[in-house]
Amino acid sequence: MNGVEVDTGMDTGMDTGVDDVLALGGEKFTSRLIMGTGGAPSLDVLEQALEESGTEITTVAMRRLDPAARGSVLDVLRRKGIKVLPNTAGCFTAGEAVLTARLAREALETNWVKLEVISDERTLLPDPIETFDAAERLVADGFVVLPYIGDDPALARRLEQAGCAAVMPLGAPIGSGLGIRNPHNIELIVESAGVPVILDAGIGTASDAALAMELGCDAVLLASAVTRAQRPGLMAAAMRHAVTAGRAARAAGRIPMRRYAEASSPSLPV
Amino acid sequence: MKVTINGGAVELPGEATVGEAVRALTSMTSGVAVAVNGEVVSRSAWESTRLSESDLVEVLTAVQGG
């Protein structure tokens with residue numbers, strides 16, 4: 001871990017007072033940090049970051065096979081025993097996303113897909129119409145669909161009704177590191193969701209990941225915040241702790257915010 | 001027979017199968033999927049599916065991203 005020991009004592013056995021297993025797509029997970037793989041300078045750095053993150057699910061993109069490529073992200077995930085979650089990154093239409101998901105199912109032997117249909121290259125914001133269309137088609141085709149969406153409570157509800165296994169609202173645009181720009185909407189999504197809510201995109205640093213969990217999200221998905229950090233392994237460890245801490249804080253029940261002080265010591269005798 | 005594999009023109013013997021097209025590109029067998037003219041060809045059908053002149057073959061695998 002780059003020579004720095006971080007031990008908050010939160011890794012194991014922390015009693016959060018809740019059944020702390022993430023039930024997703026009919027499977028159970030201990031880690032609530034889902035990792036992306038984009039942006040890592042090398043497979044070695046990626047492998048170390050994944051190790052430090054403690055993740056059990058990691059997403060990969062599908063692209064044309066390059067015969068000259070050496071090493072594979074799949075080998076890394078296999079070595080680590082991490083579940084592979086193919087995504088449809090780079091798709092602009094429902095048709096492209098459906099074909100990509102089917103190719104991923106064939107190549108990776110999983111019916112899970114992180115559905116990502118973007119609207120334009122500049123913002124990479126998800127296209128809600130194409131995403132919903134693709135989600136309906138993929139659910140009908142037997143996929144476990146995890147759609148990446150804007151922080152839109154109405155769309156989240158519609159995707160849940162369409163049979164998606166989770167909803168994945170953004171905190172801010174992909175790779176922006178702007179954190180959670182509309183915490184209120186994330187709370188609204190959490191309040192009405194009957195499927196796991198996974199905060200996806202926008203995380204910049206550990207406090208953003210902790211906030212996502214404090215708002216009630218079930219998990220966090222991030223890539224750039226770790227892979228493009230100056231020390232990816234150390235940031236991965238920070239994110240692991242942040243997700244655990246945020247989850248515990250949510251379960252613990254925070255004190256209300258007050259306008260004025262409330263003394264924490266008994267009054268002095270007069 | 002001329003087909004396009006991942007955007008490049010490739011000359012294959014007549015009656016070539018999807019399996020032969022994949023082997024023209026890579027020796028990888030796992031972690032790979034193929035679409036011909038926008039339709040997925042499952043691995044079990046690679047050796048029995050014959051290509052036609054001008055077919056568009058896409059051979060994909062997982063990479064870092066997303």
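The values are calculated or read from the model by the stated rules, or taken from the named source; none is laboratory data. All values reported here derive from a predicted model rather than from experimental measurement. Reconstructed Cβ throughout: ideal geometry from the backbone, glycine too, with neighbour counts over all protein chains shown. Just the protein is used for accessible areas: all its heavy atoms, side chains included, with ligands, DNA and RNA removed. Shrake-Rupley method; radii C 1.70, N 1.55, O 1.52, S 1.80 Å.
For chain A, the antiparallel share of DSSP beta bridges with both residues in that region comes to about 15%. If each Cα of chain A is one equal point scatterer, what is log10 of I(q)/I(0) from the Debye formula at q = 0.10, 0.11, 0.12, 0.13 Å⁻¹? At q = 0.10, 0.11, 0.12, 0.13 Å⁻¹ the computed log10 ratios are -0.50, -0.60, -0.71, -0.83.
Across chain B, counting alpha-carbon atoms alone, Rg and Dmax equal 11.4, 39 Å.
Compute the Cα gyration tensor for the range A:152-270, then decide on rounded, prolate or oblate, letting a ≥ b ≥ c be the square roots of its eigenvalues: rounded whenever a/c is under 1.5, prolate when a/b is larger than b/c in the other cases, and oblate in all that remain.
Note, shape of the range A:152-270 comes out oblate.
Between chain B and chain A, the total buried accessible area stands at approximately 2100 Å², from heavy atoms with a 1.4 Å probe.
For chain B, state which trypsin sites (Lys or Arg not before Pro) are in a DSSP loop and have at most 11 other beta carbons lying within 10 Å of their beta carbon. Sites meeting the loop and neighbour criteria: none at all. Annotation for the range A:91-124: GluC sites (Glu not before Pro) lying in DSSP loop with at most 16 further Cβ atoms inside 10 Å of their Cβ are A:E109, A:E121. Using a probe of 1.4 Å on the protein chains alone, the accessible area found for A:D133 is around 60 Å².
Could you compute the longest span of chain A free of trypsin sites (Lys or Arg not before Pro) located in DSSP loops and having at most 10 other Cβ atoms within 10 Å, not counting the site residues? Of all site-free stretches, the longest is A:123-253. Under the combined filter of DSSP loop state and at most 13 neighbouring Cβ atoms within 10 Å, chain B retains these GluC sites (Glu not before Pro): B:E15, B:E47, B:E53. Which residues, if any, in the range A:107-147 lose at least 40 square angstrom of accessible heavy-atom surface (probe 1.4 Å) when the other protein chains sit next to their chain rather than the chain being alone? At a threshold of 40 Å² (probe 1.4 Å), the residues of the range A:107-147 that become less exposed are A:A107.
Split the accessible area of the range A:210-267 by element, probe 1.4 Å, and carbon with sulfur accounts for 52%. Each helix, a run of at least 4 DSSP H residues, gives -39500 (n - 2.57); summed and divided by the residues of chain A, these come to -11000 deg cm²/dmol at 222 nm. Counting only protein heavy atoms and a 1.4 Å probe, the protein assembly as shown has 48 square angstrom of accessible area per residue.
Here the range B:2-61 exposes an accessible surface that is 51 percent carbon and sulfur, computed with a 1.4 Å probe and the other protein chains kept in place. In chain A, which longest range has no chymotrypsin sites (Phe, Trp or Tyr not before Pro) that are both DSSP loop (not H, G, I, E or B) and surrounded by at most 15 other Cβ atoms within 10 Å? Counting at most 15 other Cβ atoms within 10 Å as exposed, the longest clean stretch of chain A is A:93-259. Note on B:V10 and A:R122: their simple-model spin labels are 3.9 nm apart, each label 7 Å out from Cα toward Cβ. Summing Cβ point charges (Lys, Arg +1; Asp, Glu -1) relative to the Cα centre of the protein assembly as shown gives a dipole of roughly 480 debye.
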